[in-house]
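The values are calculated or read from the model by the stated rules, or taken from the named source; none is laboratory data. Computed from a predicted model, the values in this text were never measured in an experiment. Quick reminder, even Gly has a Cβ in these numbers, built from the backbone with ideal geometry, and neighbours come from all protein chains shown. When the accessible area is computed, the model is the full protein with side chains, heavy atoms only, and any ligands, DNA or RNA have been set aside. Shrake-Rupley method; radii C 1.70, N 1.55, O 1.52, S 1.80 Å.
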Amino acid sequence: MPKVRRSKKSPPEGWELIEPTLDELDQKMREAETESHEGKRKQESLWPIFKIHHQKSRYIYDLFYRRKAISRELYNFCLEEKIADKNLIAKWKKTGYENLCCLRCIQTRDTNFGTNCICRVPKGKLEEGRIVECVHCGCRGCSG
Amino acid sequence: MATSKTTNTYNRQNWEDADFPILCQTCLGDNPYIRMTKEKYGKECKICARPFTVFRWCPGARMRFKKTEVCQTCSKLKNVCQTCLLDLEYGLPIQVRDAALKMKDDVPKSDVNKEYYIQNMEKELAMGDAGAISGSKVNEPNEILMRLARTAPYYKRNRPHVCSFWVKGECRRGEECPYRHEKPTDPDDPLADQNIKDRYYGVNDPVADKLLKRAAAMPALPPPDDRSITTLYIGNIGSLLEQDLRDHFYQYGEIRSLSVVAKQQCAFVQYTTRLAAENAAEKTFNKLILGGRRLTIKWGRSQGRSGTSVVNQTAETYEPVPGLPGTLPELSNNFFNLEPGHIPLPNMPPPPSLLVPPMYPPPPLPQFFFNTRLPTFPPPDLAAVRPATSTSAIENVAIVNKNNVHYPSQDPSRLGATQLHADCQE
């Protein structure tokens, strides 16, 4: 079943070029949603969701801002249809947050001491050469 | 149903509130910068089961987060850290500390009794800090406890727990796994089954047992069997003077005499009472450090350097049996003017050479004893007893030269019990 379109208008030109990729991503998302939870930790089962969400938004963002392959009209259409995450892209436009993994990791209200998630610490500053998978999205370091 | 605010607040088991945790340095970790969370009524106290304020912090890199396990009331009652339940001063288990300080603490362990006790204690603690805390009785640092205590902090107890998945071979986290990928402790090891309640009440604690055994095995100086010995040998005095030693050793009891042998770097101190000597030995053995040096304390032998062997010579001495081979021949060169047959006992104390210490005109060595005493102390009470032949006037010694009596049991006047003084009056 194709993804439901909330607005009555038909998608602008160029939609057919991006549609297959978006369909694939949707398919991946559906698989991630229906995966079994066996053998995974409670948090770990949510990580693929965040990952695919990031990927979808990244695709649209790249197309418009980096490669300039789609029109602003199409880009706005994707944002309105919630194909890409508007707020996440807004962060990517800021310096230092270009590779932000998800919005949860910069939410200071979620932490005990009002800080960012451990994945926001640049690898250079994180001594002992240890691997971190952040608890929210499984990110291994999204800055630096 | 109306519940007024004041109903039934008298005997409520109050939930505990606190501002700052009671912790030991090891639990806090090596980093002086710590961030700690505080959660009111976060968990139940492991001992009294009341909700209390839980503090949680990270004691260092690669350490698990620690939190307070028992409430402040319970920890104040026993003067222990809220997390590790070890003494705040020495870092030793409660059982060890109580055994060393001979403290008996009767905290009830069961149900309502316990709740009642804790409740009252909390009230007392809140009133005034003076009485209720058992830890306030620590006045002087206890020797045994100081020996047993650790010198450096033991951070191994802050390590994360062993990864149980890895033990089964199923750990999928690999490198980023925060738990330890090590072999778990041997389940047969007695230290493996520890129980927080047992550790708190000081009962059946395997770590404490181990430490107590080690304490018992520490070197000790047993008092000698001969109850007349009241002399202590003090070695390694270096340049200490007699006065320094006197100044220290007088506190254990009245010093009968103290002689220093500088050449051998040692001294002998003799007390008037055996009890004082034992007290001194206990307080100084392996502990006393004077002049920057640890002094070696040992028991002296029966006749110390300090002269008067009065104790040994109250016994009556008899003429040895003439026919026996043991009788010593007459001295041809009687340099010391000794009574024939009265060869004095060799001087017992071992190493020091028998120099007469210059500061001591009296009492001289037993060798010279008979000679010098002679003119000065003729005991008047013995005059009657002493026959004309015996001229050596040893103080209080009755030299009985009775016919055919060579042993005390041969003496017909002796009726069972010793008659040391009865003979004097004959």
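Non-local amide H neighbours of B:Thr296 (under 5 Å, H modeled in plane, Pro and chain starts lacking H): which ones?
B:Gly235, B:Asn236
Please work out how much accessible surface B:Ile229 shows to a 1.4 Å probe, ignoring ligands, DNA and RNA, in Å² rounded to 10.
The accessible area of B:Ile229 comes to roughly 10 Å².
Over chain A, what percent of the accessible surface lies on carbon and sulfur atoms, probe 1.4 Å? Intermediate values should be presented prior to the final figure.
Working: 4830 of 9450 Å².
Carbon and sulfur: 51 percent of the exposed surface of chain A.
With a Förster radius of 60 Å, plug the Cβ-Cβ distance of A:Arg5 and B:Asp30 into 1/(1 + (r/R0)^6) and report the FRET value to the nearest 0.05. Let's see the in-between values first.
Numbers: r = 60 Å, r/R0 = 0.99.
Efficiency, rounded to the nearest 0.05: 0.50.
With a point put 7 Å past each Cα toward its Cβ, work out how far B:Gln251 is from B:Val167 in nm, to one decimal.
The modelled label-to-label distance comes out at 5.1 nm.
Which ³J(HN,Hα) values in Hz, rounded to whole numbers, follow from the phi angles of the stretch B:171-179 under the Karplus curve 6.51 cos²θ - 1.76 cosθ + 1.60, where θ = phi - 60° and Gly and Pro get x?
6, 9, 7, x, 4, 8, 5, x, 8
What nm distance separates the two modelled labels at B:Arg157 and B:Lys210, each placed 7 Å from Cα along Cα→Cβ?
Once both label points are built, they end up 1.2 nm from each other.
For B:Tyr116 paired with B:Asp188, estimate the spin-label separation in nm (one decimal), with each label point 7 Å from Cα along the Cα-to-Cβ line.
4.7 nm
Could you report the stretch B:231-302's accessible area per residue, 1.4 Å probe, as an integer in Å²?
Details: 3480 Å² over 72 residues.
Result: 48 Å² of accessible area for each residue.
At a probe radius of 1.4 Å, figure out the A/B buried accessible area, summed over both chains, and give it in Å² to the nearest 100. Walk me through the intermediate numbers first.
Numbers: alone 9900 and 26270 Å², together 35240 Å².
Counting protein atoms only, the buried area is about 900 Å².
Hey, could you get me the Stokes-Einstein D for the stretch B:146-198, Kirkwood radius over alpha-carbon pairs, 10 °C and 1.306 mPa s, rounded to whole µm² s⁻¹? Write out the running numbers ahead of the final one.
Details: Rh = 13.7 Å.
Rounded to a whole number, D works out at 116 µm²/s.
If Lys and Arg each add +1 and Asp and Glu each add -1, what is the summed charge of the other residues whose beta carbon sits under 15 Å from the beta carbon of B:Asn204?
Details: positive: B:Lys109, B:Lys197, B:Arg199, B:Lys210, B:Lys213; negative: B:Asp98, B:Asp193, B:Asp198, B:Asp205, B:Asp209.
The answer is 0.
Return the lysines within reach of A:Lys82: Cα separation strictly under 25 angstrom, same-chain partners fewer than 8 residues apart disregarded; answer none if there are no such residues.
Leaving aside lysines fewer than 8 places away in the same chain, those within reach of A:Lys82 are A:Lys3, A:Lys8, A:Lys9, A:Lys28, A:Lys51, A:Lys56, A:Lys68, A:Lys91, A:Lys93, A:Lys94.
Which one, B:Pro59, B:Cys84, B:Leu28, projects farthest toward the positive side of the charge dipole computed for the stretch B:12-165 from Cβ point charges (K/R +1, D/E -1)?
Looking along the dipole axis, the top candidate is B:Pro59.
What net charge is computed for the residues neighbouring B:Cys27, neighbours being all others with C-beta under 9 Å from the C-beta of B:Cys27, Lys and Arg scored +1, Asp and Glu -1? Numbers along the way, then the final one.
Working: positive: B:Lys66, B:Arg157; negative: none.
Its environment carries a net charge of +2.
If you take every residue apart from A:Cys78 with its C-beta less than 14 Å away from the C-beta of A:Cys78, what net charge results, scoring Lys and Arg +1 and Asp and Glu -1? Intermediate values should be presented prior to the final figure.
Details: positive: A:Lys3, A:Arg5, A:Arg6, A:Lys9, A:Lys56, A:Arg58, A:Arg72, A:Lys82, A:Lys86; negative: A:Glu13, A:Glu16, A:Glu19, A:Asp23, A:Asp26, A:Asp62, A:Glu73, A:Glu80, A:Glu81, A:Asp85.
Neighbourhood net charge equals -1.
Explain nothing, just compute: Karplus ³J(HN,Hα) = 6.51 cos²θ - 1.76 cosθ + 1.60, θ = phi - 60°, for every residue of the stretch B:141-149 in order, whole Hz, x for Gly and Pro.
Karplus-based 3J(HN,Hα) across the stretch B:141-149 equals x, 6, 5, 4, 5, 5, 5, 6, 5 Hz.
Determine, for each peptide in B:69-81, A:86-98, B:20-32, the mean count of other beta carbons within 10 angstrom over its residues, then list the peptides with the highest first.
Numbers: B:69-81: 23.4, A:86-98: 12.3, B:20-32: 16.5.
Highest mean packing first, the order is B:69-81, B:20-32, A:86-98.
Do any residues of the stretch A:107-144 show a loss of at least 20 square angstrom of accessible area between the isolated chain and the full protein assembly, using a 1.4 Å probe, and if so which?
Checking the loss per residue gives A:Asn112, A:Phe113, A:Glu128, A:Arg130, A:Ile131, A:Glu133.
Short version: which residues of the stretch B:172-208 lose at least 30 Å² of accessible area, all chains versus chain alone, 1.4 Å probe?
Those residues are B:Arg172, B:Arg173, B:Glu175, B:Glu176.
What length, rounded to one decimal in nm, is gained on full extension from B:Leu275 through to B:Thr296, with 0.36 nm per residue of separation minus their alpha-carbon distance? Before the final figure, lay out the partial values.
On the way: separation 21, 0.36 × 21 = 7.56 nm, distance 1.97 nm.
Full-extension gain reported as 5.6 nm.
Over the stretch B:12-165, what portion of Cα pair distances is larger than 19 Å, expressed as a whole percent?
Values: 6831 of 11781 pairs.
Tail of the P(r) past 19 Å holds 58 percent of the pairs.
Measure off, as a whole percent, the carbon and sulfur share of the 1.4 Å-probe accessible area of the stretch B:88-130, all protein chains present. Write out the running numbers ahead of the final one.
Values: 1350 of 2580 Å².
Accessible surface attributable to carbon and sulfur in the stretch B:88-130 totals 52 percent.
Computed from the mean reciprocal separation of all distinct C-alpha pairs, what Kirkwood hydrodynamic radius does chain A have, in Å? Walk me through the numbers on the way to the answer.
Working: mean 1/r = 0.0593 Å⁻¹.
About 16.9 Å, per the Kirkwood formula over Cα pairs.
Rg (Å, one decimal) plus Dmax (Å, integer) for the alpha carbons of the stretch B:231-302?
According to the Cα coordinates of the stretch B:231-302, Rg and Dmax are 10.7, 30 Å.
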